[in-house]
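Have a look at the structure below before the remarks.
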Amino acid sequence: MRTSVTDGALLGGSASRPSSPIGTEAIVVALVGSPNCGKTTLFNWLTGARSKTVNYPGSTVDYSVGQTHPRLHASETEESITIMDTPGTYSLDPKSPDEKVTSEAIFVHPTFGAARLVISVVDATHLSRHLLVTKQLIKAGFHVVLAVTMRDLLREHDEDLDVAVLSRELGVPVVLIDGRLGSGVKELLAAARVELGRIASGGINQKSAVRQLSPWSEEEIETVLREVIRLSDRVRVALDKRPGDSEELKTARSRTRSLDRVLLHPLWGLTIFLGLMATLFSSIFWLAQPMMDFVDRSLSGLADLVLAWAPESLLAQFVSGGVIASASSVLVFVPQIFILFVGIILLEDSGYLARSATLVDKPLSLLGLGGRSFVPLLSGYACAVPAMMAARTINSRRERLLTLLMIPLMSCSARLPVFALLLSFLFHADAAWKGGVALTGIYILSLVLGAIAVVVVGRFLKIDERTFFMLELPVYRRPRLSLVLRQAFWRTRSYVWRAGPAIFFFALIVWVATTFPNYQLEDKSERLKTSYAAEVGQMIEPVFTPMGGDWRTGVGLISAFAAREVFVSSLAVVFQVTDDDEESMQQTLLSKMHDAKAPDGLPLFTLASVLGLIVFFMIALQCLSTFIVAIRESGNLKFALLQLLGFNIAGYVLAVIVVQGLRALGVA
Amino acid sequence: MTLAEISKESERVIKRLEGDEILVARLRELGFIRGESVRVLGRAPFGEPILVEIHGATIALRKDEASCVHL
Ligand SMILES: Nc1nc2c(ncn2[C@@H]2O[C@H](COP(=O)(O)OP(=O)(O)OP(=O)(O)O)[C@@H](O)[C@H]2O)c(=O)[nH]1
Ligand SMILES: [Mg+2]
């Protein structure tokens, strides 16, 4: 149903070209409006897409295109309409890259040209300010249908809108929408069809009618704003009786005021913020344990079954020891990733993100970043790719580059399996909370490293540009558990789908390389020692010895450049975790790691060498997609290349320093 | 007097906007125009950003942004 287009400014042809009723030109209906007014929610209702909606102004940073869902069509033969979701914008005079995406997508899109029709989306509770964009759209010559969202919030205030007056005064059709239940969506689509029909038959020459506005002058904006403020007062109608002065009306707005008094309080605000972040990261470890055991046991059982079915067959050995062992070594950490996503989604839906950004604005601006860097950095803990795109909401180029610089240092979810395995190794026998604390430590340390990188590079970045914060704080909304869990499920699923192919591919390579040529040997360690992998491994080993590894770690580290999780799955294959009778593959992997010996006969995985690996994974930029997105978002190949090389070299050097330093201090 | 200087909870009327062009333009688009009333709801830890209410919305402004708004 949906084609997401990566970048409005750079690409374009990938949007699906619908059959158009008149002429050969593709037509599109664009959703445009202020940030956080409910465009994406509406887009999802219209198209059946599952685009991310967040209670934060600036959650959508790229446009995406989809077809109206057949469920909304009056008959089977009715044609679908192409709908476009755009990033929120306060005006058609863009001030940051995300706003620029919107203005380019609706004025000069490579496939669609100017949007045939614009659905101007406004939040009913912020009518007076949001109608400014509507006015600008009309002025620019677009055909407009007005969609007023958040109808349910209006009801909380015992209010409604006089749609007839609003429509008459603006000269456009108006439809009220409840974005939670989807009421009004059908009516909106019908209104859009009527308008499209009128444009098609009326022969209004759309192309010459739409023109980009020159930025409005002070007087123009003031006049229009005053007009819409008056208008929004006029169309507001009180339902039943207005509550008496003494009655304290419990509205989203008043709840928000009282919550903010605590959550932005100089003392409590900071305490709660730090507490929430610590809870988020430490809960990943201890909350997930039961689920992880379950996954591990099920998959080990499966591997045993396959092996028992045909113990002598190479195929069965490959399926159990290659595919299932490597998949399960990563799948076992999926519950942790799920919990991380649940935590992030809870923050997103509640409206707390905007408060966090406000709380950290001052401290971050000392580094040369700002509060608007917070959301990109936090999403960096899930994945650097969308995180880098989220930096588009930052208007100043300097601040945006520094944010892009820091994002890959945030521990993304692909590193989670790696850290989790290494920490489980270190805290093997200890309580789960210790691993949780250590993981929180890693997250904090990655912030410190990022801050250092930003300060150092900031000195060389000679761009002086006006930056602004000016963040609108949305009302708090109560996250709905079923929606949160469903969203977390989808994101986890796409995480697994993304990592899956790399894991499978490397399982194949590593298994073949460690099994052949002497696959008929009974003695498995002899088989490994004489394998192709060992042969090639000896050549690259000198690189990995300084950081406390041998060729087996080397194979893992190199394959991790396909996807970081593959480090874990490669180890599982190299250490042949299925040839044991133990119930759990993870336990087997951990105990094999304990027993592994380096060429000099000493243990391979020690406190020093594992810390070295952690340091390497914290810093090294092993992700090709991140590199590609960095090129696009920075608009600067040199920046992205320096970042790639710099982080990988720094990761290696620091890992060596840590290992050798610890050894010099007598810590093995 | 500017929005950056006034104390909490008092409602004031905007006289004019003055300062960096891009800041002023964005403030205007956010609804800060002559004759409208604003109120300071509080300040974040470290004294910045300032939480300002305008037309029923809460907007967090840094000090240099708030000081463009003359009352
Ligand atoms: N109560 C209520 N909440 C809504 C409604 N529509 C959207 N929301 C919520 O408002 C928030 C913002 O919705 P989005 O659809 O992400 O807004 P957007 O306009 O796409 O925002 P940007 O992409 O940041 O410009 C989300 O938390 C939604 O769940 C509605 O009609 N009623
Ligand atoms: Mg959106």
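Figures for the structure shown
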quantity: Residue in the stretch A:68-81 that is away from ligand 1 (no atom under 16 Å from the Cβ), more than 18 Å from the chain's Cα centre (by Cα), within 20 Å of A:Trp490 (Cβ to Cβ) and in the same structural domain as A:Leu153 (by TED's automatic domain parsing) present; calculated: yes
quantity: Residue among A:Val133, A:Val122 that is assigned to a strand (DSSP E or B) and either modelled with pLDDT of 95 or more or in contact with a strand residue (DSSP E or B) (Cβ under 7 Å, 6 or more places away or on another chain) (or both); calculated: A:Val122
quantity: Residue count for the stretch A:514-544, restricted to those that are open to solvent by less than 80 Å² (accessible area, probe 1.4 Å), free of Cβ contacts under 8 Å to residues at least 40 places away in the same chain and touching a Pro at 6+ places or on another chain (Cβ under 9 Å); calculated: 2
quantity: Selected residue (criterion: farthest from ligand 2 (Cβ to nearest atom)) from residues of the stretch A:40-54 that are in contact with a strand residue (DSSP E or B) (Cβ under 7 Å, 6 or more places away or on another chain) and not in a helix (DSSP H, G or I); calculated: A:Ala49
quantity: Within chain B, strands (runs of 3 or more DSSP E) holding 3 or more residues that are open to solvent by less than 20 Å² (accessible area, probe 1.4 Å), in contact with a helix residue (DSSP H, G or I) (Cβ under 6 Å, 6 or more places away or on another chain) and of a type in the set (Val, Ile, Thr); calculated: none
quantity: Residue match in the stretch A:265-276 (condition: aromatic (Phe, Trp, Tyr), outside the structural domain of A:Pro474 (by TED's automatic domain parsing) and open to solvent by 80 Å² or more (accessible area, probe 1.4 Å)); calculated: yes
quantity: The one condition in (1) open to solvent by less than 10 Å² (accessible area, probe 1.4 Å); (2) closer than 18 Å to A:Thr41 by Cβ; (3) in contact with a strand residue (DSSP E or B) (Cβ under 6 Å, 6 or more places away or on another chain) that A:Leu127 fails to fulfil; calculated: (3)
quantity: Residues within the stretch A:306-336 that are in a helix (DSSP H, G or I), under 20 Å from A:Phe567 (Cα atoms) and aliphatic (A, V, I, L, M), tallied; calculated: 8
quantity: Any chance B:Arg28 is at the interface with chain A (Cβ under 10 Å from one of its Cβ atoms) and within 24 Å of A:Thr125 (Cβ to Cβ); calculated: yes
quantity: Neighbours by Cβ (under 9 Å, 6+ apart or cross-chain): first from the stretch A:134-153, in the same structural domain as A:Lys186 (by TED's automatic domain parsing) and surrounded by fewer than 24 Cβ atoms within 10 Å (Cβ to Cβ); second hydroxyl-bearing (Ser, Thr, Tyr) and part of a loop (DSSP other than H, G, I, E, B); calculated: A:Gln136/A:Ser91; A:Leu153/A:Thr251
quantity: Test: residue in the stretch A:585-595 that is assigned by TED's automatic domain parsing to the domain that holds A:Ser329, open to solvent by 20 Å² or more (accessible area, probe 1.4 Å), modelled with pLDDT under 85 and of a type in the set (Asp, Glu); calculated: no
quantity: Residues (in contact with a Phe, Trp or Tyr (Cβ under 9 Å, 6 or more places away or on another chain) and among the β-branched types (Val, Ile, Thr)) located in the stretch A:340-377; calculated: A:Ile344, A:Thr358, A:Val360, A:Val375
quantity: Residues located in the stretch A:22-51, provided they are under 22 Å from the mean Cα position of the chain (by Cα), in contact (Cβ under 8 Å) with a residue 60 or more places away in the chain and open to solvent by 30 Å² or more (accessible area, probe 1.4 Å); calculated: A:Asn36, A:Thr41, A:Trp45, A:Arg50
quantity: Residues located in the stretch A:262-305, provided they are modelled with pLDDT of 90 or more and part of a helix (DSSP H, G or I); calculated: A:Val262, A:Leu263, A:Trp268, A:Gly269, A:Leu270, A:Thr271, A:Ile272, A:Phe273, A:Leu274, A:Gly275, A:Leu276
quantity: Qualifying residue in the stretch A:559-575 (condition: touching a Pro at 6+ places or on another chain (Cβ under 6 Å), within 25 Å of A:Ala598 (Cβ to Cβ) and β-branched (Val, Ile, Thr)); calculated: yes
quantity: Selection count where residues are at pLDDT 80 or above and open to solvent by 60 Å² or more (accessible area, probe 1.4 Å), scope the stretch A:216-242; calculated: 10
quantity: Within the stretch A:87-124, considering residues that are within 14 Å of chain B (Cβ to nearest Cβ) and among the acidic types (Asp, Glu), the one surrounded by the most Cβ atoms within 10 Å (Cβ to Cβ); calculated: A:Asp98
quantity: Any hit, the stretch A:599-620, residues being part of a helix (DSSP H, G or I), under 30 Å from A:Glu399 (Cβ atoms) and open to solvent by 20 Å² or more (accessible area, probe 1.4 Å); calculated: yes
quantity: Helices (runs of 4 or more DSSP H) contained in the stretch A:461-572 and holding at least 2 residues under 30 Å from A:Val360 (Cα atoms); calculated: A:481-515
quantity: Hey, A:Val32 part of a loop (DSSP other than H, G, I, E, B), within 10 Å of ligand 1 (Cβ to nearest atom) and modelled with pLDDT of 90 or more or not; calculated: no
quantity: Residue among A:Gly171, A:Gly179 that is within 27 Å of the chain's Cα centre (by Cα), of a type in the set (Gly, Ala, Ser) and open to solvent by 20 Å² or more (accessible area, probe 1.4 Å); calculated: A:Gly179
quantity: Subset tally (residues that are away from ligand 1 (no atom under 16 Å from the Cβ) and of a type in the set (S, T, N, Q)) for the stretch A:99-115; calculated: 1
quantity: Unique match (being in contact with a Leu (Cβ under 9 Å, 6 or more places away or on another chain), of a type in the set (Lys, Arg) and farther than 30 Å from A:Gly371 by Cα) among A:Arg493, A:Arg466, A:Arg527, A:Arg498; calculated: A:Arg527
quantity: Residues being within 14 Å of ligand 1 (Cβ to nearest atom) and either out of contact with any Lys or Arg (no Cβ under 9 Å at 6 or more places or on another chain) or free of Cβ contacts under 8 Å to residues at least 12 places away in the same chain (or both) - total across the stretch A:87-98; calculated: 1
quantity: Qualifying residue in the stretch A:107-120 (condition: within 16 Å of ligand 2 (Cβ to nearest atom) and farther than 19 Å from A:Glu472 by Cβ); calculated: yes
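Residue-by-condition table, conditions (1) within 11 Å of ligand 2 (Cβ to nearest atom); (2) within 21 Å of A:Asp349 (Cβ to Cβ); (3) within 14 Å of another protein chain (Cβ to nearest Cβ); (4) at pLDDT 90 or above:
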| site | (1), (2), (3), (4) |
| --- | --- |
| A:Gly38 | yes, yes, no, yes |
| A:Tyr56 | yes, yes, yes, yes |
| A:Ser59 | yes, yes, no, yes |
| A:Asp62 | yes, yes, no, yes |
| A:His69 | no, no, no, yes |
| A:Ala74 | no, no, no, no |
| A:Thr77 | no, no, no, no |
| A:Asp85 | yes, yes, no, yes |
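The values are calculated or read from the model by the stated rules, or taken from the named source; none is laboratory data. The shown structure was predicted, so the numbers you read here are calculated from the model rather than taken from an experiment. Using ideal geometry, Cβ is built from the backbone for each residue, glycine included, and neighbour counts are taken over all protein chains shown. The accessibility values were calculated without ligands, DNA or RNA, using every heavy atom of the protein model including side chains. Shrake-Rupley method; radii C 1.70, N 1.55, O 1.52, S 1.80 Å.
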